[in-house]
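Here the structure comes first, spelled out in structure tokens, and everything after it is commentary.
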């Protein structure tokens, strides 16, 4: 069986293979023990850890004060398992120039203590700002990471993969690294969606520079630029997905979570990329943000050209609308296995049970495929297929699908979305 992964993060997969993995930690003390051991064995540079998950530790975040006990001089940064939040120690906040006077960015938050001092917990664009201060890997290190990621994915039977956030470090360097990896025989074909801001925003490299880089990349025959990526909201685990109503344990509210952009800004970004001829993929997890993304797509006049990534919370009315719009939807069934505990904690059992309504989406005739979002999860397609066929306890079994359907969504359907621009 030949698999395709139309939504993952190829370069980060390779880079994360070199970082401390906290997936085995089940308590604050476990996290601290693993960090202390890493600090002792790898004493230089930033101490970077991945797969931090406060929902496994009674739902309570570590703060910079606990991390400062390990070191308040060496920057320490724990990236949340969902990739939308992190915890930084004082040295990491200093390196980023963040203090009590630093305002929250639009679309993000520096969580603060009673006196207004950042406590190290970072959400969305605040998390991205501090993470962006980590020293950039060289082109050679990026190339090696892409090759390592390709080898790992090929071992699962994956033939092609789509990186959904190219341009995080430096677009020109990243494109050069993907080009070199392809020339060196990367084990998978790589396809890239570029972050909106590196094409149209303040970090844009310019039309001519992008054209030249694209020509060089695609001359390899093994790497291609496919579209533009936009984030509309956050994630459930960090309570930043934009939802109707409130998260468990929070006061009643009409809306909760974090919209990354205002409605007007999101509409403008989608229209700009659409008019420039790009295929667009928008990350939207919450039901509120998905409504706004569908509004933006519908306003382009040709929503069928574009993609919705995740769509984890869907009402019957939203499913009917997605069918009318005829845009692609990608889902990641493995999330239910890896993060089910988090979803149940954050949404409560009734709402959580209806996440990822694969059966309903297929029955509505929506163009659907599966992907992993690795390195958020391990990324073996067989795990995703197994979960789609037998949803874990606590998740509505009427949304299960057949083995043959699940295999199709990770093979022929995934290939169709990957090669349709």
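Values in this text are rule-based calculations from the coordinates and carry no lab data. Predicted model only: the values in this text are computed from it and were never measured. Don't worry about glycine lacking a Cβ; one is built from the backbone with ideal geometry, like all the others, and counts go over all protein chains shown.
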If one computes the Cα centroid of region 1-38 and of region 356-421, what distance in Å separates the two points?
-> 23 Å
Computed over the chain, the relative contact order (Cα-Cα under 8 Å, seq sep at least six) in percent reads 15 percent
Rounded if a/c under 1.5, otherwise prolate or oblate - region 232-418, Cα gyration tensor axes = oblate
Tell me, how many Å apart are the Cα centres for region 191-254 and for region 40-115?
-> 23 Å
Give me the compactness ratio for region 107-210, meaning the Cα radius of gyration over 2.2 N^0.38 Å.
-> 1.32
Two pseudo-spin positions, 7 Å from Cα along C-beta at residue 412 and at residue 215, lie apart in nanometres by 3.9 nm
Rg and Dmax of the chain over Cα atoms: what are they, in angstrom?
-> 20.4, 57
Max mean-square fluctuation residue, GNM over the chain, Cα-Cα springs under 10 Å, options 73, 405, 208 | 208
MRE, 222 nm, helices only [DSSP H, n ≥ 4, -39500 (n - 2.57), over the chain, to nearest 500] = -11500 deg cm²/dmol
